Structures are given as C-alpha cells and as structure tokens.
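The values are calculated or read from the model by the stated rules, or taken from the named source; none is laboratory data. For clarity, every value in this text was computed on a predicted model and none was experimentally measured. Every residue, glycine as well, gets a Cβ built from its backbone with ideal geometry; the counts of neighbours run over all protein chains shown. Ligands, DNA and RNA are excluded from the accessible area calculation, which covers all protein heavy atoms including side chains. Shrake-Rupley method; radii C 1.70, N 1.55, O 1.52, S 1.80 Å.
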Amino acid sequence: MDGFFGDEPGFQPNVQTQTNLAGALAERLALFGVRHAFGVIGGAIGVLYDALEDSRITLHHFRHESGAAFAAAEAYFATDHPSVVFVTTGPGTLNALTGIAAARWDGAKVVLLSGTTGAAQRGRWATQESSAYTLPQDALYSRGPIFDFGVRVEHASELTEVLRRLRHGLARPNGFIAHIGLPISLQSARVELPRAPRPTGLVSSAIAEDRAAECAQLLTEDGPFAIWVGFGARSASAQVRELMRRTGAHAFCSPRGKGIISETHPRFVGVSGLGGHESVRDFMLHEQPAWVLVLGSRLGESTSFWDTALCPSSGFIHVDLDPNVPGVAYPTVHTMAVQSEIGHFLDRLLEALPTDDPTRALPTPSTFRHEAEPIPRAGQHLTPVRPQVLMAALQRGVIDATDALIMSESGNAFAWCNHHLRFQEPGRYRVSTLFGSMGHCASGIVGAALASGRKTVGVVGDGAMLMNAEVSTAVQYDAPVVWVILNDAGFGMSESGQQMFGLSTAQLRYNQVDFVAIARATGADGVRVTHEDQLDDALARAMAAKGPFVVDVIIDPSEASPLISRFESLLRQGSASDIAAWDA
C-alpha cells in the first residue's frame with residue numbers, strides 16, 4: 001500500500017508535538033493510511049471536523065450519513081486505503097449505521113468517528129444526546145456484530161491505547177471496522193502527540209507445507225475438482241488462473257468475485273447465486289467433481305442459495321482468513337477448513353502439485369464450457385428499453401471501451417448486471433449482495449470516484465436513486481461519476497417477488513420520475529433514454545462528461561429479471577407454507 005503507515009518522504013513520525021486530541025487522532029489516522037474522510041458535520045464534532053480539515057486527510061462533506069458511510073466503504077475497495085466516517089451525536093451516529101454494517105459485511109476498513117454527549121450533560125435531555133440513557137452502548141462502543149473495535153473515550157490518557165488498537169486493526173489483512181466516540185470537551189483537550197514507532201506489520205495466517213501437500217493430494221488423486229472463487233480471492237487472480245492452467249480445473253465465481261477469472265476463459269463455468277447462471281448448477285450435476293476448492297467466499301445465500309446441487313461428492317476444501325467461515329453454509333457437508341490468506345495458500349498449493357513427475361498423471365479435465373446467453377439486438381425506435389439490451393450497451397460502451405469502475409445496486413440491477421456483464425480482470429466490478437442495502441451503490445460510486453480519481457459508473461434502480469443518492473455532493477466535488485438508472489417507475493424486484501408469491505403489489509408503482517431534471521437542478525447533467533437505439537450515444541456522452549452525469553433509462557418493467565433462484569430460496573425458507581396458511 002503506497003504511503004501506508006507514513007512512508008512519505010520527509011515524514012517524521014517520531015517528532016513529539018503538542019496538539020488537541022482531535023488533531024492527534026487525525027494525524028495518526030493519516031499515518032495509518034487513511035486518505036479520505038466522509039461525513040456530515042454537527043455541533044458535537046465541530047473540533048473534530050476542523051482537525052480533519054486541517055490534516056493530510058482529504059475531507060468530503062456529504063448530504064446524509066448513510067451515504068457517507070457507503071462512500072467510505074467503496075473508497076476503501078477502490079484504493080485499498082482505509083477510510084474515515086465522521087458523524088455527530090444522536091441521529092448522526094444512527095444514520096451512519098446502515099452503511100457501516102454494509103462495510104463490515106463486505107470486509108472494508110473504515111473508522112467511524114462520532115461525537116458523544118459529555119459526562120456532565122448525560123441524562124439531562126441534551127440535544128441529540130448520545131449516552132447510556134438514550135442509545136445502546138454495547139452495540140455502539142464495543143466489539144460485536146457491527147464493530148471489530150469500539151470505544152467511547154473518557155480521558156485523553158486513553159488515546160495511546162486507542163491508536164495502538166487502530167494501528168493493529170488497520171494493518172491486518174482482512175477487514176476492520178472501528179468506532180471511536182469522542183465528547184466535544186475531549187476533542188479539544190491538549191495532548192502530546194504520541195510517538196509512532198514504525199509497526200512490524202502483521203503476517204497473514206500461514207499454511208504449513210504438509211497441509212498444502214495434503215490439499216494437493218486430495219485435489220489430484222480423487223478425481224477432477226472445481227474451484228469456487230469469492231471476493232476474498234480478488235488479490236490472487238494470477239494464482240487462481242495458474243492453478244486452472246496447471247490442473248485443467250473448471251471454476252465458477254460468486255457475484256462479488258466476477259473478474260477474478262476472466263469470464264471468457266474456456267473453463268469458466270459461470271456466476272453462482274443472485275442473478276447467476278444455470279450453467280453452474282448444470283456443471284455440478286453432470287460433472288460431479290469430487291472436491292470443490294472454495295477460495296474466499298462465505299457461500300451465503302446470495303452466493304449459493306444453499307443449493308445442495310452445488311455440493312461435491314467428497315466435500316469442500318474451504319480456504320478463508322476467517323476461521324469461523326468454513327462449514328457454516330453447508331453444515332452437513334464434509335469440509336476441510338484451511339485458515340490462510342488466499343494468495344499464500346495458492347502459492348504453497350502450486351508448489352505441492354505433482355507436475356514434475358511424468359508418471360503421475362493429473363485427472364482428465366471436463367470439456368464443459370459456459371456459453372454466454374444471446375442478447376437481443378437493439379430495436380430501432382423500440383420503447384421502452386429492454387434491460388438485456390441496456391446491459392449489452394454497457395458492455396460495449398463502458399466495460400470493453402474504458403477502464404471505468406462499475407457498481408450495481410440492490411434490486412433488479414443486481415441480477416441484470418451479475419447475469420449479463422462480463423469482466424476480464426478483478427477490481428473493476430463491485431456489488432454488495434451480502435447486506436444488500438438500497439442506496440449503497442448510488443452513494444458508494446461517489447466515494448470510489450473521489451478516492452481513486454477514476455470514472456465510476458453505477459447501475460441503479462429508480463427506487464434506490466430516490467432513497468439515497470449523493471448527486472449534490474458529486475457536483476460539489478466534481479466527481480467523475482455516472483448513474484445509469486433503470487427507471488421502471490416502481491420497486492421492480494419486490495413487485496416480481498410479490499407477484500410470484502401471489503401477494504399484494506399495491507403501492508409498489510409510482511409516478512415516473514424525471515431524474516435528468518433532478519440532476520440538472522443540483523448542477524449535474526444528464527440525458528433520458530426512451531428508445532433502444534439511443535443507448536450508445538447516451539452512454540458515450542456520459543463517459544465523455546467531465547462531471548457527474550445521469551443516464552435515465554426508461555426500462556420495460558414486463559421483462560423478468562434473472563431472480564428466480566432468489567424467490568425459490570425464499571419459498572424454501574418457509575414462505576410457501578406461510579402463503580398456503582394465509583390462503584386457507
């Protein structure tokens with residue numbers, strides 16, 4: 001990581017100076033690799049805001065705390081540098097929690113800095129009070145489901161230990177979400193800036209040679225195997241592809257793992273899970289590999305739908321940094337758990353493979369091949385636009401023609417993008433299928449673009465765009481972002497599910513919104529697409545634009561998105577019996 005832990009020329013981490021606590025915290029966070037902070041100011045963080053503004057961290061003032069948190073998460077994934085979110089007390093802190101939870105689920109590195117109510121004012125109905133009288137302290141200021149580390153600082157003497165824990169957490173190879181609560185009186189307290197000795201760095205979980213040899217033996221002697229690639233393997237693309245070359249193994253990926261294996265690779269099986277391909281299920285049923293090597297995926301609902309057809313005959317070899325992941329999604333299937341960083345494991349595995357012994361043949365690989373589904377050609381003057389045709393235009397005009405980052409939003413956009421868009425390299429596509437919060441992408445693209453400087457394109461539904469978008473923020477900072485809006489005047493994914501279950505769809509439709517008018521009202525630009533033959537020109541304009549741009553596409557709501565597996569999963573979870581009871 002460039003500049004991580006203060007590697008900049010001329011920086012002197014051991015010079016001890018006096019400052020206020022907020023300034024010391026901002027200075028050390030910059031030393032720990034933070035480059036960008038996102039948030040909304042409030043009275044209880046005035047000093048902290050000022051300190052961040054004066055630090056080497058670039059501050060971005062957003063319109064809503066949840067949008068700021070989504071932006072911080074995506075800034076991390078776009079740059080591999082941890083981010084900061086700053087919020088005030090009460091509603092400021094609570095508003096940020098959705099984006100912070102999404103960051104935790106996705107494995108980001110984000111530090112939430114919030115204001116808290118001072119001891120003398122607690123329990124006295126202070127404005128926006130944040131104390132044990134008004135908010136759950138264990139959930140907010142301790143390790144748990146949301147935070148890896150949390151603390152409400154009560155005295156300046158705690159700063160050294162807080163910084164030690166932040167340095168340790170931000171240096172580890174997996175994600176880290178922290179929350180530091182600071183009363184305003186403490187933010188301005190004078191402190192000596194603690195000395196910052198250069199850390200030795202953390203070594204990721206190593207795998208013993210005999211363990212690698214055991215895995216190699218299982219994969220090469222029990223018959224053909226397959227590889228299931230998840231987001232945790234995004235830094236090991238070269239090793240995954242080399243393993244496929246050396247063994248002839250087929251591979252498929254989770255939605256978040258798109259691009260780690262080229263989606264045109266002759267042995268790429270397809271995408272599993274939400275909006276995925278039937279070819280993955282077909283491959284497992286017909287080829288029946290003995291083992292599936294799982295690399296950096298939790299195999300949760302959005303990746304597997306817990307489909308037993310995806311279970312190998314011998315079991316999973318499941319590699320993950322988190323020892324609590326292997327065996328959870330499929331508790332009845334034999335799982336050999338390996339705790340390791342994916343790239344390190346694959347290096348050891350490749351060394352252990354028996355390629356140098358000409359008398360020891362590898363299993364004969366399958367000839368299975370995934371074929372991309374044909375997409376209908378754009379119709380001249382055809383309206384409204386079919387989503388499949390929009391996806392083909394995005395492939396041509398954005399993915400194949402530029403190096404822009406692409407994100408897809410919760411809802412039908414998930415499914416259309418996961419299913420149809422194809423990537424050849426890791427790091428260009430982001431989708432948050434785990435927490436699945438509407439508005440994540442609509443706001444997140446602003447953070448990714450501001451932090452990376454790269455053009456960033458979000459494919460979003462109109463419902464998500466109405467819920468949580470940061471167009472005004474993008475205009476303020478001239479962010480190079482494009483929103484491609486699937487405008488079907490309703491909550492399309494929810495409506496499809498309700499219709500499938502025979503449930504009410506009342507109020508899931510609304511008046512069609514003119515997002516170009518909204519964009520221009522905030523200072524951005526845009527174009528509305530009503531016919532399929534307008535798509536290429538509209539996307540070309542968007543990609544050439546220097547500032548924020550909206551492409552408002554009037555989508556045909558009658559086209560069924562590839563979400564049938566999601567609805568079937570809900571039925572298996574009990575919805576079918578519930579519906580039968582209601583009908584009775």
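Numbers below:
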{"quantity": "Residue ID - surrounded by the most Cβ atoms within 10 Å (Cβ to Cβ), chosen from residues in the range 450-464 that are aliphatic (A, V, I, L, M) and more than 12 Å from S408 (Cα to Cα)", "calculated": "A451"}
{"quantity": "L503 being modelled with pLDDT under 95, at negative phi, aliphatic (A, V, I, L, M) and surrounded by 16 or more Cβ atoms within 10 Å (Cβ to Cβ)", "calculated": "no"}
{"quantity": "Selection count, the range 310-344, where residues are of a type outside the set (D, E, K, R) and assigned to a loop (DSSP other than H, G, I, E, B)", "calculated": "18"}
{"quantity": "Output for the range 315-343, where each listed residue is under 23 Å from the mean Cα position of the chain (by Cα), closer than 20 Å to Q217 by Cβ and surrounded by fewer than 20 Cβ atoms within 10 Å (Cβ to Cβ)", "calculated": "Q339"}
{"quantity": "All positions within the range 48-63 that are surrounded by fewer than 20 Cβ atoms within 10 Å (Cβ to Cβ) and farther than 16 Å from A448 by Cα", "calculated": "D50, E53, D54, R56, R63"}
{"quantity": "Filter result for L218 (modelled with pLDDT of 95 or more, in a helix (DSSP H, G or I) and closer than 16 Å to F345 by Cα)", "calculated": "no"}
{"quantity": "Residue ranges of strands (runs of 3 or more DSSP E) in the range 67-164 with at least 2 members among the hydroxyl-bearing types (S, T, Y)", "calculated": "109-116"}
{"quantity": "Of residues in the range 562-584 being open to solvent by 20 Å² or more (accessible area, probe 1.4 Å) and not in a helix (DSSP H, G or I), the one modelled with the lowest pLDDT", "calculated": "A584"}
{"quantity": "In the range 376-408, the residues that are under 25 Å from S432 (Cα atoms), in contact (Cβ under 8 Å) with a residue 12 or more places away in the chain and either of a type in the set (K, R) or not in a helix (DSSP H, G or I) (or both)", "calculated": "R386, R396, A401, T402, D403, A404, L405, I406, M407, S408"}
{"quantity": "V269 being in contact with a Pro (Cβ under 7 Å, 6 or more places away or on another chain), modelled with pLDDT of 95 or more, open to solvent by less than 10 Å² (accessible area, probe 1.4 Å) and within 15 Å of I227 (Cβ to Cβ)", "calculated": "no"}
{"quantity": "Count - residues of the range 112-149 that are of a type in the set (K, R) and surrounded by 15 or more Cβ atoms within 10 Å (Cβ to Cβ)", "calculated": "1"}
{"quantity": "Contacts under 8 angstrom Cβ, first residue in the range 54-76 being under 9 Å from E470 (Cβ atoms) and of a type in the set (D, E), partner open to solvent by 10 Å² or more (accessible area, probe 1.4 Å) and part of a helix (DSSP H, G or I), 6 or more apart", "calculated": "none"}
{"quantity": "Residue check for G447: under 19 Å from L390 (Cβ atoms), in contact (Cβ under 8 Å) with a residue 40 or more places away in the chain, buried (at least 24 other Cβ atoms within 10 Å of the Cβ) and within 15 Å of the chain's Cα centre (by Cα)", "calculated": "no"}
{"quantity": "Members of the range 522-534 that are over 30 Å from the mean Cα position of the chain (by Cα), open to solvent by 40 Å² or more (accessible area, probe 1.4 Å) and not β-branched (V, I, T)", "calculated": "H531, D533, Q534"}
{"quantity": "Complete set of residues in the range 116-174 that are among the β-branched types (V, I, T) and at pLDDT 90 or above", "calculated": "T116, I146, V151, V153, T160, V162"}
{"quantity": "Residues being part of a loop (DSSP other than H, G, I, E, B) and hydroxyl-bearing (S, T, Y) - total across the range 55-66", "calculated": "1"}
{"quantity": "Positions within the range 266-305 being aliphatic (A, V, I, L, M) and assigned to a helix (DSSP H, G or I), in sequence order", "calculated": "V280, M284, L285"}
{"quantity": "The listed residue being among the charged types (D, E, K, R), open to solvent by 10 Å² or more (accessible area, probe 1.4 Å), touching a residue at least 60 places away in the same chain (Cβ under 8 Å) and on the phi > 0 side of the Ramachandran plot, out of D478, D488", "calculated": "D478"}
{"quantity": "Per-region count, the range 222-247, residues open to solvent by 10 Å² or more (accessible area, probe 1.4 Å) and in contact (Cβ under 8 Å) with a residue 24 or more places away in the chain", "calculated": "14"}
